[in-house]
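Colleague: A single structure is presented below for examination.
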Amino acid sequence: MTDVVCYPCPTCQQPAIWQDNPNRPFCSERCKLIDLGAWAAEDYKIQAQDSPFSQELDG
């Protein structure tokens, strides 16, 4: 007997089955596409400070 391993879906927090799940770590393709849309809309950003030479890169 194999235990079913579940983790919370990063999008909706519902349990997502890990084994044999083509949408892993998401629970469904819908949640996977919602996350992809967030990346495309640049909703996930890491704040950083400008370096001393950043103005030179702006051209």
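Colleague: With each label point set 7 Å from Cα along the Cα-Cβ vector, what nm distance links residue 23 and residue 46?
Modeller: Placing both labels 7 Å along Cα→Cβ, they lie 2.8 nm apart.
Colleague: Something else about it: Taking the highest mean first, how do the peptides 16-27, 38-49 order by number of other beta carbon atoms within 10 angstrom per residue? Before the final figure, lay out the partial values.
Modeller: Working: 16-27: 14.3, 38-49: 7.2.
Highest to lowest by the protection proxy: 16-27, 38-49.
Each reported figure results from applying straightforward, stated rules to the coordinates on display, with no laboratory input. Treat the numbers as computed from the prediction; the structure is a model and nothing was measured. With ideal geometry, Cβ positions are generated from the backbone for all residues, glycine too; neighbour counts draw on all protein chains shown.
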